[in-house]
Amino acid sequence: MKLAGDQLERFHRDGFLILPGLFSRDEVRALCARLPALYAEDTPANVRERQGDEVRTAMGLHLRDPLFAKLVRHPRLVEPALQILGQDLYIQQVKVNVKAAFTGEVWQWHYDFATHHGEDGVPEPLALNLHVFLDPVTEINGPLYFIPGSHQHGAAPATLDTATTSYPLWVVERDTVRALAHETGLVAATGPAGTALIFGDLMVHASPGNLSPYDRRIFSLILNPVANAQTRFERPDHKHHRDPAPVRPLADDCLLAPAPAGAA
Ligand code: SIN
Ligand code: MN
């Protein structure tokens, strides 16, 4: 699947793209059916919220479940990423950010490159974050907030926050957010289940806690150029996968196609 010219233009101008209806109800249903068993696994790749026992983010899913192994190679995600970056990409990170009803906690203001660079020594802010909504995401259940155009201001000062949530994150100062938002305002990325988002490594974003009674599960795949791979290896594999193999797209129906005869 290729992005149209006007979509590419918007991506480069705003720094993000919202693609409603990219995945079907049946595809989303099949993915969601895998989640309870994955959440139940006792693994460091299931990061729990700071308060309580809910899974905050379930990571490394393509290595833990065959359907997610297909999703990370899905042409509706991989082909636009290849189109934007024009070079071989590896699978850097794969997760579902759960943000459970009532208890899902905040993601502070940040841009991903601050963590990719600060923790993993990724040289350049080239990685793309590709999201798929597994629930309807509305203004009330903790959507992502984007600052349109914030990617054009370069890498803002960032500091490592290990206190606010259970997930260490390099975050952006409030004054920076205020100044950037003053120019363009904020956009809440909402849409029905199956909506996809694409945004770059310098996009300043955040999401509030989920006080609503509705879950807000979002799948996230980060693809990074093989030529821009991590240079430090302190974080575990599920936070930054070490396999630099270039990702190759599968067939468009890969999520729902029946398993070949004889497959277990
Ligand atoms: C979120 O799931 O709300 C945050 C996702 C992100 O920071 O990419
Ligand atoms: Mn992020």
Any residue that is within 16 Å of ligand 2 (Cβ to nearest atom), of a type in the set (A, V, I, L, M), at pLDDT 95 or above and open to solvent by 10 Å² or more (accessible area, probe 1.4 Å) - is there at least one of those in the stretch 80-97?
no
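If you scan the stretch 238-261, which residues turn out to be basic (Lys, Arg) and surrounded by 14 or more Cβ atoms within 10 Å (Cβ to Cβ)? Write out each step before concluding.
So the first thing to find is which residues in the stretch 238-261 are basic (Lys, Arg), and the list is 239, 242, 248.
Answer for the stretch 238-261, where residues must be basic (Lys, Arg) and surrounded by 14 or more Cβ atoms within 10 Å (Cβ to Cβ): just 239.
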Expected single match for of a type in the set (S, T, N, Q) and touching a strand residue (DSSP E or B) at 6+ places or on another chain (Cβ under 8 Å) among 138, 164, 103 is 164
Give me the pairs, please: first residue somewhere in the stretch 131-142 and within 15 Å of residue 198 (Cα to Cα), second residue anywhere and open to solvent by less than 50 Å² (accessible area, probe 1.4 Å) and of a type in the set (Ser, Thr, Tyr), beta-carbon distance under 6 Å, and either six or more positions apart or on two chains.
131/220; 133/195
Of everything in the stretch 114-152, what is part of a helix (DSSP H, G or I) and within 16 Å of ligand 2 (Cβ to nearest atom)? Give them in sequence order.
114, 115, 116, 117, 118, 119, 120, 150, 151
Can you spot a residue in the stretch 125-133 that is farther than 22 Å from residue 243 by Cβ, within 12 Å of ligand 1 (Cβ to nearest atom) and buried (at least 18 other Cβ atoms within 10 Å of the Cβ)?
yes
Count, please, the residues in the stretch 177-204 that happen to be open to solvent by less than 10 Å² (accessible area, probe 1.4 Å) and within 15 Å of ligand 2 (Cβ to nearest atom).
7
Might you let me know whether the stretch 3-19 holds any residue that is out of contact with any helix residue (DSSP H, G or I) (no Cβ under 6 Å at 6 or more places or on another chain), buried (at least 16 other Cβ atoms within 10 Å of the Cβ) and among the small types (Gly, Ala, Ser)?
no
Can you report the number of residues in the stretch 153-176 which are within 12 Å of ligand 2 (Cβ to nearest atom) and open to solvent by 50 Å² or more (accessible area, probe 1.4 Å)?
1
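Which of the following residues is crowded, with 20+ Cβ neighbours inside 10 Å and either within 16 Å of ligand 1 (Cβ to nearest atom) or in contact (Cβ under 8 Å) with a residue 24 or more places away in the chain (or both): 217, 235? Walk me through how you get there before you give the answer.
On the way: 235 fails: crowded, with 20+ Cβ neighbours inside 10 Å.
The conditions single out 217.
Just give me the residues in the stretch 20-33 being out of contact with any Ser or Thr (no Cβ under 9 Å at 6 or more places or on another chain) and buried (at least 18 other Cβ atoms within 10 Å of the Cβ), in sequence order.
Residues satisfying the conditions are 27, 28, 31.
The values are calculated or read from the model by the stated rules, or taken from the named source; none is laboratory data. Since the model is a prediction, treat every value here as computed from it, not as a measurement. All Cβ positions, glycine included, derive from the backbone under ideal geometry; neighbour counts span all protein chains shown. Note: accessible area is taken over every heavy atom of the protein model, side chains too, but ligands, DNA and RNA are not part of it. Shrake-Rupley method; radii C 1.70, N 1.55, O 1.52, S 1.80 Å.
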